[in-house]
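Engineer: The structure under discussion is supplied below as structure tokens; questions concerning it will follow.
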Amino acid sequence: MKMLVDNSKKIAVVSNLLEEIPDNDDETYIDVIDKRLEKSSEINLETLGKFAKKVVEETAPTKRPLEMNVILLDPEEISILNEKHLSKSGPTDVLAFPIDEPDSKTDGPVYLMGDVCICPEVATHQAKEKDLNFEDEIALLLTHGILHLLGYDHYEKSAEVEMKKMENTLIARHIKHLRVNDV
């Protein structure tokens with residue numbers, strides 16, 4: 001997945017993640033929207049939102065109040081976005097649409113991170129190919145999309161390695177929030 005906005009920010013190293021994760025953050029608003037017409041996989045939207053919130057709280061601790069959306073799409077819908085924004089045909093697993101720049105002052109009173117669009121049907125196929133369970137693949141895609149919203153990229157090999165380390169660390173710390181009721 002590539003970030004849809006050119007951003008040359010350097011990726012932070014895993015050691016920059018918080019040592020302690022904030023417990024109470026009532027100014028992080030994450031909406032999870034399931035726009036799929038046919039749901040071949042059931043996903044607990046509340047649980048997915050809790051997982052996203054934990055990842056965001058750790059990766060963007062000073063950006064408050066904060067809003068972002070997680071949108072679940074059919075293969076057809078994500079294919080349209082993939083073609084329109086990345087000039088690639090066919091469905092993809094995850095797309096990130098940042099709104100406010102991570103390192104800049106916001107125009108309004110709320111930091112608008114943006115939208116992470118995920119195609120659960122593609123995630124299902126990828127999980128089978130990687131011999132992972134569905135929850136782990138969804139966690140990876142959501143975490144990957146959130147990092148893109150915050151300006152991280154993987155255009156260079158060193159940035160890709162660091163981004164993968166961050167993804168692995170964040171997923172290990174927060175996967176329990178996704179597995180409470182299963183996705």
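Engineer: Taking amide H positions as placed 1.01 Å from N in the peptide plane, with prolines and chain starts having none, which residues 5 or more places from residue 111, or on another chain, fall under 5 Å of its amide H?
Structural biologist: 66, 67
Engineer: If you place +1 on the Cβ of every Lys and Arg and -1 on the Cβ of every Asp and Glu, how big does the dipole about the Cα centre of segment 27-179 come out, in debye to the nearest 20?
Structural biologist: Around 420 debye, computed over segment 27-179.
Engineer: Also, quick follow-up: Based on the alpha-carbon gyration tensor of segment 27-179 and its eigenvalue square roots a ≥ b ≥ c, which shape applies: rounded if a/c is under 1.5, prolate if not and a/b is larger than b/c, or oblate?
Structural biologist: rounded
Engineer: Also, quick follow-up: Quick one: of 53/164; 105/157; 35/84, which pairs are farther than 24 Å apart, Cα to Cα?
Structural biologist: 105/157
No lab work stands behind these numbers, since they all come straight from the coordinates. Being a predicted model, the structure only gives us computed values, none of them experimental. For neighbour counting, all protein chains shown are included, and Cβ atoms are generated from backbone atoms with ideal geometry for every residue, glycine included.
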